[in-house]
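Colleague: My questions will all concern the structure given below.
The values are calculated or read from the model by the stated rules, or taken from the named source; none is laboratory data. Please read all numbers here as calculations on a predicted model, not as lab measurements. Please note: Cβ atoms are built from the backbone with ideal geometry, for glycine as well, and neighbour counts cover all protein chains shown.
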Amino acid sequence: MKNKLTPSSLILLLLSFIPTLIFAQNQDMQQKQVAAQQFLEGKQFSLLIHAENQGQAIKDFIRFENGSFETKDGKSSSAEVSRFAAWQEADGTINFQAVIGTPEGLKSYIGTIKGENITGKYSLQPANESAVSFVLNGVLNKSNSETVK
């Protein structure tokens, strides 16, 4: 007598692999997050933040240190140091997100780092108002002589 796979037994067999697949995906994402945080640790990027039409740019910089994210602009406006989320893609690209609460409102940074270059979006959302978005571009500050104060 041969073992036959019925549709219901096949479904049960496939369902039994779901926890293994989810566990593997979670482990992969955790490894990507650890790799990104290790890469970013102690790095600082000089930024130019400007409107989509490439108008006048505001200089800023961001720093990743001790698992925290901070900005010069944020620090000058009494912002709190913020946590951030980051993950590394297979090609080495780092993606990150951070949100900082300030008296002016919520400031969010969403960006991509490829090598020494950073691109992304900066948004400010004042309380009870619509968010205003800007483009950010920058480079790794190799000297770290300019610090966030």
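Colleague: Just to be sure before I move on: is residue 48 modelled with pLDDT of 80 or more, in contact with a Pro (Cβ under 9 Å, 6 or more places away or on another chain) and either not in a helix (DSSP H, G or I) or not basic (Lys, Arg) (or both) in the structure I sent?
Modeller: Criteria not met by residue 48.
Colleague: Within region 90-149, restricting attention to residues that are among the basic types (Lys, Arg) and under 13 Å from residue 63 (Cα atoms), which residue is surrounded by the most Cβ atoms within 10 Å (Cβ to Cβ)?
Modeller: 142
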